[in-house]
Amino acid sequence: MYTAKEMHLGVVRYDETQNHYDASNLTLIAELRTAIETDQLVLYYQPKVGIVDRRIDAVEALVRWQHPTHGLLQPNRFIPLAEQTDLIDRLTSGCCVERSRT
């Protein structure tokens, strides 16, 4: 239903990959709430270097989740879940610990 609404379609065929509300994702959403409160999210800065002059033109911020049992989670595992909940606002409002990328 949510996929159909998002795509402005009357009907879509069920696709398991679009189901963000299975048991493992619901657990991860609950854990993400805790992660934000307990500073488990880590912000890395990655320099963007110009091809011609090889100088740093900008810096890109990259968030990762240092999960206590799953290890380092990439953003594609938890950002879509945060976007489907109220957690995206908390996630994007400066919750992360900053670390330099080495």
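No value in this document is a laboratory result; all are computed from the given coordinates. Everything numeric in this text was worked out from a predicted model, so none of it was measured. Backbone-built Cβ (ideal geometry, glycine too); neighbour counts: all protein chains shown.
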What is the sum of charges around A82, taking Lys and Arg as +1, Asp and Glu as -1, for the other residues whose C-beta is under 15 Å from the C-beta of A82? -1
With the crude spin-label approximation of a point 7 Å out along Cα→Cβ, what separation in nm comes out for L62 versus Q74? 1.0
For Y44 and D22, what does the FRET efficiency come to when R0 = 22 Å and r is the distance between their Cβ atoms, rounded to the nearest 0.05? 0.15
Which FRET efficiency, nearest 0.05, do Q84 and R13 yield, Cβ-Cβ r, R0 25 Å? 0.80
